[in-house]
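Read the figures in this text as sums done on the coordinates, not as results from a lab. The shown structure was predicted, so the numbers you read here are calculated from the model rather than taken from an experiment. With ideal geometry, Cβ positions are generated from the backbone for all residues, glycine too; neighbour counts draw on all protein chains shown.
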Amino acid sequence: MANNKTVHILRYGTVAEKVHLEKAFSAFDYLSINGNTAAYVSNAIAKFIVEKFFSNKEKGYFIDPITYAFQNKIDLLFSKSKSTNEYSIKKSIAKLIDIYGLSMNRIKQRIPLVPSDFGSSIDKDSFVERILSFQYNLVYKHVQEQDLQKYLDYIAPGQSDNIPQLRPKFLIAPYFYLDNQAPYWEEWLSLNIELANISIAQSKHNCNNLPVFAQIVLNKSVITDPSSLNKIVKAYSILECDGYTIWIDDLNEHESAKAELNGFVALLKGLPRKQIYNMYGGYFSILLTHKSLSLLSGVSHGLEYGESRMVYPVGGGIPVSKYYFLPLHRRLDFTKAFYLLEYAKVLDTNIENWGSSDKYFSDICGCSQCKKIIGKEMINFMEFESKEFYEIHRKNHVLRRKKASSDTKQNCLYHYLLCKKMEFLQVERKDLKQLLNDLKNKSQLYQACHSIKEGELDYISIWDEICSEAEE
């Protein structure tokens, strides 16, 4: 890879997450922001970047233009009014449509884009220019609107118009989803390459030659079909872009078959040795950043979620809070995590306060959040449990579901982020074989616990096999 430092990327989800981003500022390198969010709350995002990034030059951000959203399943761009029961385009999407110069009437009629629209109703150069300008000028537009330019002139005389940390780390070219089982997929591929080439040329003239990345968004059927995968690799390999961002639709590293993860690795191996970031990845992806493999340059995830994601629906809610079980590198329901700790003799409900926390800190997690919450007694592990409830009213009965309190959410969230930071550091510092042996040992330890279902830990042997094969 062109850069030896692995980049830990965190996704900006909602404005409500801003307070957590501020508290966890040391836990990530880059911030990834979806285009619809950037359009809808641009001032809030720009203000955060100016305040937090100005004096932290090692930090960075970039904007995902999510142009694929207008390609399929247009109904997902609408929301239903609770008062009128009428459907209208989501406000954040409406702003994006205006910025990108798309036809609002077309979207209202639920007519998706097709490749032939480019060259007829949509001018490619204008389309690219609008999208790159949106990414490039997001923060500086806020600076101008808030009359902050004079302060930048004072702090950085002669450089105030192009302070690097206030511009994106790179631009993402417009892109569309590639599904080899869908119509026009090869036409979409050709269009992606053309739009990327236009973006590279425009960045040189309009965006101070900022690096341009090509975003490759694929259905899992592509990476398990050698012929289709070869077409993808061949097309993107000839691009003179600065790097790639990868998104495999709903690729869950813990549940995917070995063939799918092998296909993912084959894609990474086939691409040129440039910066490659996985937009939705977990510990397996972090392992692929190891210097013995160097298949990824960075990995992105959300605040306590987002290690995998479906391309559709666009947007989506935030999953429930879960406890991140660091030895197995996955989020678990509290009850399962409790049984695993009990099985490993980390806690014992038969003794006072369930015993000392020493074994937990040495064998499970010694992050500052855990030490703050658990203290000296394991009974405090209960602070990770969702204790509140909500009701779902069905025709003939009512269902009760657990709901995390604000405190539980924060406990799980900060613990998760600190665990991810530790994972990046461990992969950077330890030998790959040692990391894989640690994984296998933990799998053997917990496999016999009654709460572990048959095959539930198979992902560990799959990760071990793939990483070992990739290293050879």
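Neighbour counts of other Cβ atoms within 10 Å put Trp185, Trp463 in the fewest-to-most order Trp185, Trp463. Place a +1 charge on the Cβ of each Lys and Arg in region 7-301 and a -1 charge on the Cβ of each Asp and Glu, then give the dipole magnitude about the Cα centre in debye, rounded to the nearest 20. Using Cβ point charges on Lys, Arg, Asp and Glu, region 7-301 gives about 420 debye.
The calculated P(r) of region 400-455, using every Cα pair and 10 Å bins from 0, goes 18, 27, 38, 15, 1 in percent.
Find out how many positive minus negative residues lie around Ser237, taking Lys and Arg as positive, Asp and Glu as negative, among other residues whose Cβ is under 12 Å from that of Ser237.
+4
What pairs from Lys73/Lys274; Lys204/Lys274; Lys345/Lys372; Lys345/Lys371; Lys47/Lys204; Lys376/Lys421 go past 30 Å between their alpha carbons? Exceeds cut-off: Lys73/Lys274. For Met310, Met382, the sequence from fewest to most other C-beta atoms within 10 Å is Met310, Met382.
Of all GluC sites (Glu not before Pro) in region 240-289, which ones are in loop regions per DSSP and have a Cβ with at most 16 other Cβ atoms within 10 Å? Hits after loop and neighbour filter: Glu240, Glu255. Shown for Lys322, Lys108: other C-beta atoms within 10 Å of each C-beta, ranked fewest to most, produce the order Lys108, Lys322. Under the simplified labelling scheme, the Asp29-Asn56 pair shows an inter-label distance of 1.5 nm, with each label point 7 Å from Cα along Cα→Cβ. Between the alpha-carbon centers of region 162-210 and region 338-353, tell me the distance in whole angstrom. Comparing the Cα centres of region 162-210 and region 338-353, I get a distance of 52 Å.
Bridges between two residues of region 7-301, per DSSP, are antiparallel at a rate of about 10%.
Whole percent per 10 Å bin, from 0 to the bin with the longest distance: what is P(r) over all C-alpha pairs of the chain? Computed distribution, short to long bins: 4, 18, 28, 26, 17, 6, 1, 0.
Grab the beta carbon distance between Ala448 and Met382, set R0 = 22 Å, and tell me the FRET efficiency rounded to 0.05. About 0.30, to the nearest 0.05.
Stokes-Einstein diffusion of region 323-429 at 37 °C, 0.692 mPa s viscosity, Kirkwood radius from Cα pairs, rounded to a whole number: 220 µm²/s. Mean silhouette area of region 201-245, derived from the convex hull of its C-alpha atoms and averaged over all directions, reads 3.4 nm². Contact order for region 323-429, expressed relative to its length and based on alpha carbon pairs under 8 Å spaced 6+ residues apart, stands at 23 percent. Estimated purely from DSSP H runs of n ≥ 4, each contributing -39500 (n - 2.57), the mean residue ellipticity at 222 nm for the chain is -13000 deg cm²/dmol once divided by its residues. Screening the chain for whole DSSP H helices of 27 Å or more along their axis (Cα) with average Kyte-Doolittle hydropathy at least -1.0 returns 124-145, 185-206, 406-429.
For the chain, the relative contact order is 14 percent, taking Cα pairs closer than 8 Å that sit 6 or more residues apart in sequence and dividing their mean separation by the residue count. Computing FRET efficiency as 1/(1 + (r/R0)^6) for Glu22 and Asp147, where r is the C-beta to C-beta distance and R0 is 41 Å, gives about 0.95. Dividing the convex hull volume of the alpha carbon atoms of region 97-212 by its residue count gives 113 Å³ per residue. Using only Cα coordinates, the Kirkwood hydrodynamic radius of region 44-136 works out to 15.4 Å.
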